[in-house]
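Heads up, the thing below is written out as structure tokens.
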Amino acid sequence: MTDVLTPEQRSLNMSRIRGKDTKPELIVRSTLHRLGYRFRLHRKELPGNPDIVLPKHNMVIFVHGCYWHRHRCRFGRVVPATRTDFWMEKFSANIARDRRNQQQLIKHGWRVATIWECQTTDLLKLTDRIRNILL
């Protein structure tokens, strides 16, 4: 199947995909704040530039998009129809980078948690998950 967009249109679409302040990240931050936790954002001196850093709890939280970081849910299993080899290589590199960053953080004494985009849709479950992570 060929792409229905021109290369210029596809490039514009891809350029608008954000890395910070995504909707799932804002939901997690709002939930943390509502639970009374205070945190820092995107600490560049830490490996992987974690989305949320809770220094008091020695915890970092990554909020990953299911598609880009290949979660096991239905959104993470989608494979592009065009340039499949390129995309699979890109996804593999993302996964390897995520593992490497987590290992470095653990090595430096941080506790690491990942919250997936699909886990942010149910606020009650998300709240329970955050409470369990921070205990």
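Bear in mind that the values in this text are calculations on the coordinates, not laboratory data. Keep in mind the model is a prediction, meaning the values are calculated, not measured. Note that we place each Cβ from the backbone using ideal geometry, even for glycine, and neighbour counts take in every protein chain shown.
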Looking only at aspartates and glutamates whose Cα falls under 20 Å of Lys20's and that sit 8 or more positions away or on another chain, we get Glu45, Asp51, Asp98, Glu117
Would you mind computing Rg(Cα) / (2.2 N^0.38 Å) for the range 1-68, counting N as its residues? 1.47
Which value results when the Cα radius of gyration for the chain is divided by 2.2 N^0.38 Å? 1.16
Mind listing the long-range amide H neighbours of Phe39? Cut-off is under 5 Å, sequence gap 5 or more, other chains count too, H placed in the peptide plane at 1.01 Å from N. none
Out of all DSSP beta bridges in the chain, what portion is antiparallel? Express it as a percent rounded to 5. 45 percent
Just to be sure I follow the definition: excluding the sites themselves, where is the longest run in the chain that has none of the trypsin sites (Lys or Arg not before Pro) in a DSSP loop with at most 16 other Cβ atoms within 10 Å? 84-135
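With the contact rule set at Cα under 8 Å and sequence spacing of 6 or more, what percent relative contact order holds for the chain? Show your work: numbers first, answer last.
On the way: 137 pairs, mean separation 33.7, N = 135.
In percent, rounded to a whole number, it is 25.
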